[in-house]
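> Before anything else, here's the structure in question.
A short reminder: the numbers here are calculations on the coordinates, not readings from a lab. Worth saying up front: this structure is predicted, and the values here are computed from it rather than measured. Reconstructed Cβ throughout: ideal geometry from the backbone, glycine too, with neighbour counts over all protein chains shown.
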Amino acid sequence: MAQPTQRQPHWDLCWRVRIGGTDWAARRREVLRYAFETLALEQVTAQAAARNFASLRILAKLGFKHIDSFIDEFDGERCERFALDGDIGSSLLASNAMPGC
């Protein structure tokens, strides 16, 4: 599968810097809310290194579904790609089914 292009919105999980008091769960929900409600995207994709279990858990909690595995061409690391369809993402946001993500 090709890497995402400008026509294919993509969310690359990079939560490396933690600032005291930041509500990361709220920020992740707001990113998805913006994608689905403001931009009216049909789907958001995300990818994470296969060894990054924390990111994989976050994607699962957010409702993302695994779509494929690939080897990153820059560092040779095995990665996983996920997608969240707009109808599912919007309904999860509306029901507030993402607490603590």
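> Out of all Cα-Cα pairs in the range 24-94, roughly what percent, to the nearest whole number, are more than 13 Å apart?
Tail fraction, whole percent: 65.
> Subtracting the Cα-Cα distance from 0.36 nm times the residue separation, let me have the gained length for ALA94 to PHE53 in nm, one decimal.
12.1 nm
> Which cross-chain or sequence-distant (5 or more) residues have an amide H under 5 Å from the amide H of GLN43, H modelled 1.01 Å from N in plane?
Here GLY86 satisfy the definition.
> Still on this structure, I have one more. What's the FRET efficiency of ASP72 with TRP24 using the Cβ-Cβ distance as r and R₀ = 30 Å, to the nearest 0.05?
Efficiency for this residue pair is about 0.80.
> Would you work out the relative contact order for the range 24-94, in percent, from Cα pairs under 8 angstrom that are 6 or more residues apart?
Once normalised by length, the contact order is 37 percent.
> From the phi angles alone, apply the Karplus equation (6.51, -1.76, 1.60; θ = phi - 60°) to the range 86-95 and give each ³J(HN,Hα) in whole Hz, x where the residue is Gly or Pro.
Running phi through 6.51 cos²θ - 1.76 cosθ + 1.60 with θ = phi - 60° gives x, 5, 6, x, 5, 5, 5, 5, 5, 8 Hz.
> With a cap of 13 neighbouring Cβ atoms within 10 Å, and only residues DSSP puts in a loop, list the chymotrypsin sites (Phe, Trp or Tyr not before Pro) found in the range 57-91.
The qualifying sites are PHE74.
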